[in-house]
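Read through the structure below, which is laid out as structure tokens, and then see the notes.
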Amino acid sequence: MNDMQKENNVPIIGYIYSGQNLTSEEKIALTLEKKKNIELRMFNISKSIDIKKMHDEIEKCSVFYNSTGEDSAIEIVKTIEEMGKKVVDSSNSYYYIEDKWMFFLKCKEHKIPVPETILLSNNMEFAKKELKEFNQWPVVLKRVIGTMGQYVEKADNIGQAELIIKKFREKDKIDKLPIIAQEFIKSNSYRVTIIGNKILQTAIKKSNGWKSTGVYGKKFEKFTIDKDLKSLIDKIMKVTKINICGLDFLKKDDKWIVLEANTAPAFDFFKDEEEKLVEAALDCVIANIK
């Protein structure tokens, strides 16, 4: 922090992002520095990370904002928290929310409607037995952690399921993360973006295939939140305690059911609203400065 910043007491926010270049989201955030009377220190986790060299830069920051949904971000977030700094959103939110199995358990505990789900054994023969007993065909197989629709496939029978599980494990040689099986619900995906407990955007995500989440949602249009969905959203936010969240819903028998909650959600469904969402996220982060 330079002398002018010390004199004006300008808070410094550490901005965690990923990618080779700045996206429109990061560029918008940087244009808002003056308006918000803040300084952003950009931390790109896609490049070489040397925590010892970054230590002084981290110490200068009042609070951190994790804007990336990359799986590798969680270790950076935990490291920064270990140094005594607050991160929006926290690693605890990531642990309970981004983990699809933990989110399912949390929803079941609080009687929040969610697709029926089982955790599969790492032993293939046991996993096949569990799938037969689950008897939900077609079934959706997912790694417990995955972003943008990665490690998500649909199987129509036990043979397809076995091939998909083997493919996941072949791709995931290092982490070998657990896999869940989930009932398939034929529905568009309904995204609701909430920042600071305020609903700021809705988007129906449509695609030509069975996937409409992640990068597979090709067409977007707004939808109106009815009383039942608003009540469900309020319940989920109370349980998850996420500051900046994207909730994905499905419709089953004309009733709302939550598919997953996403920290660091995308803000680019509608380009004319991106700046509004980025500004709201920065306001939320500023509100978390001690």
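Evaluate the range 47-57: report whether one residue or more is over 22 Å from the mean Cα position of the chain (by Cα), at pLDDT 90 or above and under 26 Å from PHE270 (Cα atoms).
No.
Where residues in the range 122-149 are surrounded by 15 or more Cβ atoms within 10 Å (Cβ to Cβ) and among the polar types (S, T, N, Q), which of them is farthest from ASP71 (Cα to Cα)?
GLN136
I'd like the residue in the range 71-100 that is not in a helix (DSSP H, G or I) and not small (Gly, Ala, Ser) and, out of all such residues, is modelled with the lowest pLDDT. Explain how you work it out, then say what you get.
Looking only at the range 71-100, we keep the residues that are not in a helix (DSSP H, G or I), and these are 71-72, 83-90, 99.
Keeping just the survivors that are not small (Gly, Ala, Ser) gives 71, 83, 85-89, 99.
Details: ASP71: 80, MET83: 94, LYS85: 96, LYS86: 97, VAL87: 97, VAL88: 97, ASP89: 95, ASP99: 91.
Only one residue fits best here, namely ASP71.
Out of (1) among the aliphatic types (A, V, I, L, M); (2) in contact (Cβ under 8 Å) with a residue 40 or more places away in the chain; (3) within 24 Å of VAL140 (Cβ to Cβ), the odd one out for MET237 is which?
Here MET237 clears every test but (3).
Can you name the residue in the range 26-53 that is in contact with a strand residue (DSSP E or B) (Cβ under 7 Å, 6 or more places away or on another chain) and assigned to a helix (DSSP H, G or I) and, of all such residues, is surrounded by the most Cβ atoms within 10 Å (Cβ to Cβ)?
Within the range 26-53, the first condition is being in contact with a strand residue (DSSP E or B) (Cβ under 7 Å, 6 or more places away or on another chain), and the residues that meet it are 26, 29-30, 33, 38-45.
Then keep just the ones that are assigned to a helix (DSSP H, G or I); that gives 26, 29-30, 33.
Numbers: GLU26: 19, ALA29: 26, LEU30: 14, GLU33: 14.
Checked the range 26-53; the qualifying residue surrounded by the most Cβ atoms within 10 Å (Cβ to Cβ) is ALA29.
Quick one: count up the residues across the range 185-195 that are in contact (Cβ under 8 Å) with a residue 60 or more places away in the chain and more than 16 Å from ASN262 (Cβ to Cβ). First the steps, then the outcome.
The first filter runs over the range 185-195 and keeps only residues in contact (Cβ under 8 Å) with a residue 60 or more places away in the chain, leaving 185, 187-191, 193, 195.
Imposing the further condition that a residue be more than 16 Å from ASN262 (Cβ to Cβ) reduces the set to 185, 187-188.
Count: 3.
The values are calculated or read from the model by the stated rules, or taken from the named source; none is laboratory data. Computed from a predicted model, the values in this text were never measured in an experiment. All Cβ positions, even for glycine, are placed from backbone atoms using ideal geometry, and neighbour counts span all protein chains on display.
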